Structures are given as C-alpha cells and as structure tokens.
Amino acid sequence: MVQQMRATMANDWWLRNPARTSSSILAAPPFWCWLLIAVIVNIAGAQEQLLPGTWEVLMNNAGIASMHSAVTRFGTVVLLDRTDIGASQIALPEGRCRIDPAEKALKRDCSAHSVVFDPASNSVRPLMILTDTWCSSAQFLPDGTLLHTGGDFDGYRKIRRFVPCPAEDGADCDWEELSHTQLSAGRWYATNQILPDGRIIIIGGRRQFTTEFYPANPAQSPMDLPFLREVLDEQMDNLYPFVHLLPDGNLFIFANTDAVLYDYMSGKVVRTYPRIDGNPRNYPSGGSSAMLALTAANDYSKAEVLICGGAQFGAFMEEKVDMAGSGSCGRIIATDLEPMWAMEDMPFPRVMGDMVMLPTGDVLIINGAQSGSQGYELASNPCLYPLLYQPDQDAGLRFMTLTPAVTPRMYHSTANLLPDGRVLVAGSNPHYSYNFSGEFPTELKLEAFSPEYLRPELANLRPHLTTTPERIAYGAQFQVSFSVTLPVTGIVEANLASAPFSTHSFSQGQRLLKLAVSAAEPLFSLSFMSSADGALPYTLTATAPPTPLVAPPSFYMLFLVNQGVPSVATWVQLVSS
Ligand SMILES: *[C@@H]1O[C@H](CO)[C@@H](O)[C@H](O)[C@H]1NC(C)=O
C-alpha cells in the first residue's frame, strides 16, 4: 500500500514537473548519480526539441491582457479585457478618455481595454469600450458584426457591436454600445451561440437560469431553463455552459457534469444525457469542450462532443491552489439515440485548457494549469505542453504531446485559430488587477503556436488558394482553384471553420465542417508538368453545407487540406441564396 502510494507520488511528481528534475527524492546522491541525472536531462532536453510544433512571440506588449478574443472576417483579432481595474498599458487614441464618477478604480481612464490585433503587421490599435466587459460573451452575426453582451457592473445588461474593418492605415472601426435596447437580464459568465435563423441565443450567466435572444423576442424573453439551476452546486460549476448547435437544430447544453438537448424554439429540454464521469467541468472548475467536425461523409448527421480536464470538486471552494486538476476526457455522440460517454485520459491534468478545432479536424488543447481552479490566485503549476487530440485514431493513440510553451497561460487567457493555420495565444491574468510581480505575472505578450502541419518541410504539400467564391449558398456546388508544388491524387479536403469567441476556456460558436468534394482535377498536362518548376494548378468542386442547421449563416474560413497540410484560408460568407 505504502509502496503503491510512493509510486503514485513519484509518478505525480514527474507529471507535475515534466521539464525539470530534482534531487529531492534522493537523499545525498553520490557524484555518479548527479552525472546520470545530467545525462538524462540532456537526453530529455534533446527530445523536447523534437516534439511537434513551434512557438513564436508576435508582440511583447499588446497593451491589454486578453480575457476574450475573436478573429474577424478581415483576419484581425479583437481582444478584450475589463474596464474596472485601472489603466491598461495602451492609451486611447487622440487623447480620448472615459469619464465615469461611479467607476471605482479610475474615474478618468484614458487607457484602452480592448484592442484589435493585425497579424499581418503584428501591431494593435486601441478600441474604446464604455462599460465593463468582465466575463462577457459574444458571437458574430451573419454579416460579420461581433455582437457582444453583458459583463459586470455597468456592463451587466449592455449589448455592444463591433463592425470590423480591414486593417488599413486610418482604419477607425470601433465598439458601439446599443442605446435603444439592452439584455432582459444581466448576464455575467453567459454563453452565446448563433442560431440557424441568424439570431443569437444568450444562455445563463451568474444567478440567471434563463435564456434570451438577440434580437429580442418580447414574447419569449427571457425563457426559463431550470436545468441551469438544477446543476448548480456549492461552488456554482454551471457558468459559461458548453453550448453546441447540433445538426438536428437543437442545442446540446452541458453544465457541471450534466447535459441536455434543448429545443430553443419551444424553450423545452427534449432529452437528458448521461452524467459524465469525474469532476465538474464548467466555470469555476475550468474544463473545456469542442464539438468535433461535422462531415458530409455521414450527411452531417453525427455530432460528437469532447469535454476535457477541469478542477477537482472543492479546489475552488477551498482555494486549493495545489490540488491536481483532472486529466480525464469524455466523448459522446450527442446525436445517438442511446449515447454514452467514452472516457480517456490525457497525459497531463489540465485546468483552464483551451480547445481549438484545427482545419484538419484535430483538436488542439492548449494553455492552462495542472493544479487549482479558475479564479484569481487559484491555480499553480502551468500546463505548458499543448496536446493534439486526433479524433479519428483509435482510443489510446489519440493524444500527442507537443512542443511546450515558455509563457504560462492560466486564468483569463485565450486561444484562436488564425486564417493562416497558426493559433494565436493571448492573455493570462491570475490577479484582480494588472500585476507584473510574482510567479504568474499579468501577461501582455501575444504568441502564436504553429502546429506540425506548418513545418517548412511540408510546404510542398501546402495548397495555395487561387480562386474561391466570396459567398456560397446552402447546398450549392462551387469551384475552388488552387496550386501545390507536388502532384496530388484524390481527395483534397475543403473545410469551413467558424470564428468563435474565446473566453474562459471555451470557444463560443466553434464549428468545423468537412464539405463534400470532388477529386482534385489537374489544370495542366503531363508535358507541362515535366517542364514546370513552379506550382501545379488544380481545381475541385465542393458542396456547401446543406442547411443553416448544419452551419448557421456567417463568415467562415475556407481551408483546403492536402494530406493533413492546410492552405491559408479565405473567408467565405454562407448565405441563404
Ligand atoms: C501582486 O502579486 C503579488 C504576487 O502574487 C502579490 O504578493 C502582491 O500583493 C500583488 N500586488 C498587488 C498590488 O495586488
């Protein structure tokens, strides 16, 4: 028994300190022992270099710590923090200031609490937010406008819009607060999801067991959702519910350890799912969730939901900063008639991980800590290793450990897929205010993680889009032209990725669609090919998703994927006709 415990502890120690070694478990080690350790560390160091993926710093100081982020249809990224914690490190333009006598921290605040980042120039432009966006929620409307709701204090019932613009010199698109309308209830820690009819549903929030729509439907707003109250426990665990729009038009809503299928038209729960094994998964317990790619291969009839990690119950309530997080994942076919959770273990426990659907359909699990829970000063032991989850592999072969980050990204950090296939990682602020001292300082740095598919050695396989439509109608076939250095045979995938709103370890509205495609047809002859030194031109025909249930009307990133290597995406707007 004791031996078993020791083995577990040693194992645990290794897990929690993957990049280090220590002599603390050996009493007075002799010299040869140090030598051995040095050799092992060297080998481990060398192996670490060989893990897939690379990191790069994009900006050392973005001016704000990103708590929320979303990629616009121009490829720029809106980052948001909160307004009530004092000055950020970036000034508002033209000497503008927010003057609010009711504000606690700064009654006259001339700093920005939102910026728009341009990955093409690695620069930010300050934006002006008027009310508090702390723990707010958002979603893009069908026309590409970011519709942003709630927050705390004066922002509790606010609705804001950001109409994005191309990142040009002199671009001045900015936040706008709606004055003619507001939320029917205050929403702090809610989840938003775009619906097939182009409306947005706003679900839950702290002490709100209801849903509502934007634009509001006075007859229906707000609608009770008792499920959100039923799953509440002594430490909440029902905030930022995981919401996935299934291809049958209902919403899969997961909170704490439970899930229901919700018919938002009637406001009724139409189905209850089995309970997931293990710890609570939602805020403040910091698990994450993604819906796996929907695919034309099964007529978009099957939707699988993945939920990973989180904190042990009690870690938040008892402020157990060092309590090991959860390494378990559950996967369920939400569209099955008798669905069951299939459980798997990750190689690391992870609290506050972010899940990013890559263009290939693999899931990147990135950011977070190995111990503690969500909240200020409540986590320790950053989980620096991203993981690749490969859903099409057999159980046991799905996880791949990737090149570790240097920068801890814990509470209040974000991750978003960029159109060039990289993943933007921003934020991390485990403190109430900006605080640059201590073990986990407020992080203003922006970084990108490049998955293995961006390795230069694979450039010969990378498709380059030459002609794509700007708008595609539901069910319509469309041509995509591209070029690639090495000849392709057969299937080059055409996949649509939504632009979700990333906050608190969940990407609201994240969706990946694998379209029906024809085989790629060469646009060159063999004789041309033998003399060509440049890229080879091809075309393929893809079919847009059949209905708005499968893919709500919105702007999507269209990626071609050749042997696992994605193109740079172009934005297409999915429209009714
Ligand atoms: C900043 O963080 C450090 C370490 O967590 C803490 O000791 C200190 O009190 C904080 N400072 C402020 C002003 O909150």
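How big is the dipole moment of the chain about its Cα centre under a simple scheme where the beta carbon of each Lys and Arg is +1, that of each Asp and Glu is -1, and everything else is neutral? Debye, nearest 20, please. Walk me through the numbers on the way to the answer.
On the way: 37 positive and 55 negative charges, 54 e Å.
Dipole of the chain, to the nearest 20 debye: 260 debye.
What order do Ser123, Ser428 take when sorted by accessible area (1.4 Å probe), most exposed first?
Accessible-area ranking of Ser123, Ser428, largest first: Ser123, Ser428.
Provide the per-residue ³J(HN,Hα) series for region 266-281, in order, calculated from phi with Karplus coefficients 6.51, -1.76, 1.60 and θ = phi - 60°, each as a whole number of Hz, with x at glycine and proline positions.
Along region 266-281, the couplings run 8, x, 10, 7, 9, 6, 10, 8, x, 6, 6, 5, x, 6, x, 10 Hz.
How big is the accessible area of Asp224 in square angstrom, nearest 10, if you roll a 1.4 angstrom probe over the protein chains?
Counting only protein heavy atoms, Asp224 exposes about 110 Å² to solvent.
Within the chain, what's the longest stretch lacking trypsin sites (Lys or Arg not before Pro) that sit in DSSP loops with no more than 10 other Cβ atoms inside 10 Å? All intermediate terms of the calculation are to be shown ahead of the outcome.
Numbers: sites that count: Arg20, Lys104.
It works out to 105-577.
At most 12 other Cβ atoms within 10 Å and a DSSP loop assignment: could you name the GluC sites (Glu not before Pro) in region 193-284 that fit? Intermediate results must be reported in sequence, preceding the final value.
Working: sites: Glu212, Glu230, Glu234; in loops: Glu234.
Sites meeting the loop and neighbour criteria: Glu234.
Along the charge dipole of region 234-384, pointing to its positive end and built from +1/-1 on Cβ of Lys, Arg, Asp and Glu, which listed residue (Val351, Ala296, Cys383) has its Cα farthest out?
Ala296
How would you classify region 405-486 from its alpha-carbon gyration tensor, with a ≥ b ≥ c the square roots of the eigenvalues: rounded for a/c under 1.5, else prolate if a/b is greater than b/c, otherwise oblate? The partial results should precede the final answer.
Values: a/c = 5.00, a/b = 2.12, b/c = 2.36.
Oblate, since a/c reaches 1.5 and b/c is not below a/b.
Classify the chain as rounded, prolate or oblate from the Cα gyration tensor: take a ≥ b ≥ c as the square roots of its eigenvalues, call it rounded if a/c is under 1.5, otherwise prolate when a/b beats b/c and oblate if not.
Values: a/c = 1.31, a/b = 1.04, b/c = 1.25.
Rounded, because the longest to shortest axis ratio a/c is under 1.5.
Amide H of Ile129: which non-local residues (sequence gap of 5 or more, or other chain) have their own amide H closer than 5 Å, using H built in the peptide plane?
Amide H neighbours of Ile129: His113, Ser114.
Which far-off residues, 5 or more places away or on another chain, put their amide H under 5 Å from the one on Phe399, with H placed in the peptide plane?
The answer is Gln390.
Counting other Cβ atoms within 10 Å of each Cβ, which GluC sites (Glu not before Pro) in region 429-485 have at most 11 and sit in a DSSP loop?
Details: sites: Glu439, Glu443, Glu447, Glu452, Glu457, Glu470; in loops: Glu439, Glu443, Glu470.
Within region 429-485, the qualifying GluC sites (Glu not before Pro) (loop, at most 11 other Cβ atoms within 10 Å) are Glu439, Glu470.
Calculate for the chain the 222 nm mean residue ellipticity that helices alone would give, adding -39,500 (n - 2.57) per DSSP H run of length 4 or more and normalising by residue count, nearest 500 deg cm²/dmol.
Details: 4 runs with 44 residues, N = 577.
After summing the helix terms and dividing by the residues of the chain, the value is -2500 deg cm²/dmol.
When a/c is below 1.5 the answer is rounded, else prolate if a/b is larger than b/c, else oblate, so apply that to region 422-577 with a ≥ b ≥ c taken from the square roots of the Cα gyration tensor eigenvalues. Numbers along the way, then the final one.
Working: a/c = 3.55, a/b = 1.57, b/c = 2.26.
Oblate, because a/c is 1.5 or more while a/b does not exceed b/c.
To the nearest Å, what is the center-to-center distance of region 281-316 and region 187-219, using C-alpha atoms only?
Distance between centres, Cα-based: 20 Å.
For Asn238, enumerate residues with amide H under 5 Å from its amide H, sequence gap 5+ or separate chain, H modeled in the peptide plane.
So Asn238 has HN proximity to Asp233.
Whole number in Å², please: accessible area per residue of region 235-353, 1.4 Å probe, ligands, DNA and RNA not counted.
33 Å²
For Cα pairs less than 8 Å apart in space and 6+ apart in sequence, what is the mean separation divided by the residue count of region 457-575, i.e. the relative contact order in percent? Walk me through the numbers on the way to the answer.
Numbers: 278 pairs, mean separation 43.6, N = 119.
So the answer I get is 37 percent.
Given Cα pairs under 8 Å that are at least 6 residues apart, what percent is the relative contact order of the chain?
Working: 1596 pairs, mean separation 76.8, N = 577.
It rounds to 13 percent for the chain.
Given a 1.4 angstrom probe, I'd like the percentage of the accessible area of region 277-432 that is carbon and sulfur, rounded to a whole number. Let's see the in-between values first.
Working: 2380 of 4570 Å².
Of all accessible area on region 277-432, carbon and sulfur atoms account for 52 percent.
The values are calculated or read from the model by the stated rules, or taken from the named source; none is laboratory data. Since this is a predicted model, take the numbers as computed values, not measurements. Here Cβ is always computed from backbone atoms with ideal geometry, including for glycine, and neighbour counts include all displayed protein chains. Heads up: the accessible areas ignore ligands, DNA and RNA and are worked out on the full protein's heavy atoms, side chains in. Shrake-Rupley method; radii C 1.70, N 1.55, O 1.52, S 1.80 Å.
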